[in-house]
Amino acid sequence: MTRPIPLRKRLLVRLLITSVLIAICSVAATAWLAVETTTRAIQEEQGQVLTEDMDILRQLSGYAATHRDWSGVGKTVRALSDRTGRRIALTAPDRTPIADSETRKTALPPRAAAAVDPLHTDTFTEPGAQRTGIDPRAVGPFRLPSAERERVRLLAEKRRACFSNNGVETRITHMPSGRSVLTDEEGTVDGGQVPTPCADGVLNTPTATEEKALAELNTYAGDCLKRVGGKFPSIFAATLDITNRAMPTRYLGLKGQTGIDTTGDQNKQAQECVDRARRQQLEPYVAPAAELFLGRGDSTVPHFDMSAANKAKVTGVAGLVLALTVAVTVLVATRLVRPLRALTHAAQQPPEQHVRVPVTTQDETGILAVAFNDLADRRERMEAQRKAMVADIAHELRTPLTNIRGWLEVTRDGVVDPDPELLASLHDEAVVLQRVIDDLQDLAAADAGTLRLHREPVRADELLEQVVAAHRVAAEAAGVRLHTAVTASKGSHGSDGSHGSDATPWLDADPVRMRQALGNLVSNAIRHTPADGTITLSCCHHDDEVVFEVADTGSGIAPEDLPSVFERFWRAEKSRSRRTGGSGLGLSIVRQLVTAHGGTVTVTSELGTGSVFTLRLPDAR
């Protein structure tokens, strides 16, 4: 009786535990991943929003720095809004609308995100902004006309060539004002150290436009200093600072008279006047200050809120997932275990009952059930064959042994004298007995895989001639004619393994075993071919194979008997009479020998016409 399976080892329990563990791990991993992903996404979104805000402010500040008013800014606002997906609105300081990407009349955010003023900016809004907070793109009267730009560019080309000839590599950079300057790989203007042959000062000399703008700047700065009053030198000079890319269009230096010193406070007040003068000079060329409103990103910072409600939702979803997992696992496991239990029960039944199991599914379990039923069918057939084989062996051995025993007993009792004729009869019976035992031994060796083959190159025509010679006497006694036919093929081997010149088919085989296989076919054909019949042994080369055929003009085989021809102890005579000879093992041995050589054997037959046995073996090439 089968012992009960412990609960912890049952397939259903193990599947259930595995599914629950997988569900728990999945829920935990999903929750952790959701939190981490959401937090990271929020952080990335915050950084992206900040970057977008700075880019919007930078572009609008650049527009203000290069335009005298905001009349055409609507197109720029809409383009920025389309690219960022944000609402962008510009108003005057008193909330008078200038431009708005939102076509609907909706309220603006409660406070502005930033002020757009190119005269009061910083390096975070626009890289390269001047220390005084002026957008470097605001150049005003320092913007060069096309003619002066071209002249300065040519001077820059000439100077770059001079630098290159003296081993200094530079490139031409165009400033917002249109002036061309030389910079090296580190961004230093004029390559740091200027070679002596190139220090002509022509490129850095202000143009007429720049001279005029510098004079205006000096006037504004001088007026400021006069209003401030105090002890200041009376001479100030404004010049271009070409070497400073942060202030490319002007530099106002305090130039004192000989013998006059200035204090730190005086320089500070002078610099303040310079800043006022610069803004005063640029104010007519830039758009007025405006307020920038953005549709999102300027209020409270979003964050992941793991509140009690969220915790309850997560817990509820996790519980639901676990419940569904358990239910589905129980359902699937039950459907999986039921056919397995049926298979186990069927396998535990006595072998002689040959129990089958019903096939209810088309999945792996159904395939297993089909395989189990096939195995039961094969086992039943093998059992029937085993019983039949035992009976056949007993029958085959009983007849010669009975004859031998009977004649020995009557001879021992003196009833019959042991004359040569009796001894010859006993010898024939012993030969029959020996043949059956040898055939059984060959089949047993083939089944066990211990059948030895001594392969060597064999000529097909010689093999056929040897078989015919061995059976010529028996054929003549039966009145049957033996013929051979060999079809030559190109590229065959000679007896030494090289290509022969006669183009006869060759094969790599055991000549003794091949003569045995062909001999069994010939012997079988002689027994079933009437007098004046013909047996033809032919050979040809076809598709890298050597094909042997043994064709007779005998009685033939019924179609329903063809599948059983190569079974052991099978005879066409249902009475199992030995009048025609044979033990019923010859064709089984033929199949085993051909299979051992890597070939196949088939048969075609027609009642009253004859049979054709075909052997296909690999050639020796």
I'd like to know if region 320-342 contains one or more residues that are modelled with pLDDT of 75 or more, over 37 Å from the mean Cα position of the chain (by Cα) and surrounded by 15 or more Cβ atoms within 10 Å (Cβ to Cβ). yes
Within region 529-544, can one find any residue that is over 56 Å from the mean Cα position of the chain (by Cα), under 15 Å from V590 (Cβ atoms), among the polar types (S, T, N, Q) and not in a strand (DSSP E or B)? no
Identity of the residue in region 77-96, more than 47 Å from the chain's Cα centre (by Cα) and not hydrophobic (A, V, I, L, M, F, W, C), that ends up least open to solvent (accessible area, probe 1.4 Å): T91
Can A596 be described as open to solvent by 20 Å² or more (accessible area, probe 1.4 Å), of a type outside the set (D, E, K, R), within 50 Å of the chain's Cα centre (by Cα) and modelled with pLDDT of 85 or more? yes
The condition from (1) modelled with pLDDT under 80; (2) within 24 Å of E157 (Cβ to Cβ) that G230 misses is numbered (2)
For R143, which of the numbered conditions (1) modelled with pLDDT under 90; (2) open to solvent by 50 Å² or more (accessible area, probe 1.4 Å); (3) within 26 Å of L57 (Cβ to Cβ) fails to hold? (1)
From the list R250, R245, which one is modelled with pLDDT under 85, under 58 Å from the mean Cα position of the chain (by Cα) and surrounded by 14 or more Cβ atoms within 10 Å (Cβ to Cβ)? R245
Residues within region 77-96 that are touching a residue at least 12 places away in the same chain (Cβ under 8 Å), farther than 12 Å from D55 by Cβ, assigned to a loop (DSSP other than H, G, I, E, B) and not hydrophobic (A, V, I, L, M, F, W, C), tallied: 3
Give me a count of the residues in region 161-220 that are open to solvent by 20 Å² or more (accessible area, probe 1.4 Å) and part of a helix (DSSP H, G or I). 15
Taking into account only those residues within region 450-476 that are open to solvent by 90 Å² or more (accessible area, probe 1.4 Å) and within 23 Å of G533 (Cβ to Cβ), which is modelled with the lowest pLDDT? V473
Say whether the condition of being open to solvent by 60 Å² or more (accessible area, probe 1.4 Å) and modelled with pLDDT under 80 is met by at least one residue in region 276-298. yes
All but one of (1) over 24 Å from G479 (Cα atoms); (2) at pLDDT below 80 hold for G581; which doesn't? (1)
So which pairs qualify, if the first residue must be in region 445-464 and among the polar types (S, T, N, Q) and assigned to a loop (DSSP other than H, G, I, E, B), the second must be at pLDDT 90 or above and buried (at least 17 other Cβ atoms within 10 Å of the Cβ), the Cβ gap must be under 9 Å, and the two must be at least 6 apart or on different chains? none
Among the residues of region 487-521, which ones are over 13 Å from D619 (Cα atoms), among the small types (G, A, S) and at pLDDT below 60? S495, S498, G500, S501
Out of (1) farther than 30 Å from A394 by Cα; (2) at pLDDT 80 or above, the odd one out for I404 is which? (1)
Do you know which residues across region 40-50 are at pLDDT 70 or above and open to solvent by 50 Å² or more (accessible area, probe 1.4 Å)? L50
Could you say whether any residue in region 352-374 is surrounded by 13 or more Cβ atoms within 10 Å (Cβ to Cβ), modelled with pLDDT of 80 or more, out of contact with any Ser or Thr (no Cβ under 9 Å at 6 or more places or on another chain) and of a type in the set (D, E)? no
Out of the residues in region 97-122 that are within 15 Å of A287 (Cα to Cα) and free of Cβ contacts under 8 Å to residues at least 40 places away in the same chain, state the one that is least open to solvent (accessible area, probe 1.4 Å). A99
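The values are calculated or read from the model by the stated rules, or taken from the named source; none is laboratory data. Source: prediction; values computed, not measured. Glycine gets a Cβ as well: all are built from the backbone with ideal geometry, and neighbour counts include every protein chain shown. SASA here: full protein model, heavy atoms, side chains in, ligands and nucleic acids out. Shrake-Rupley method; radii C 1.70, N 1.55, O 1.52, S 1.80 Å.
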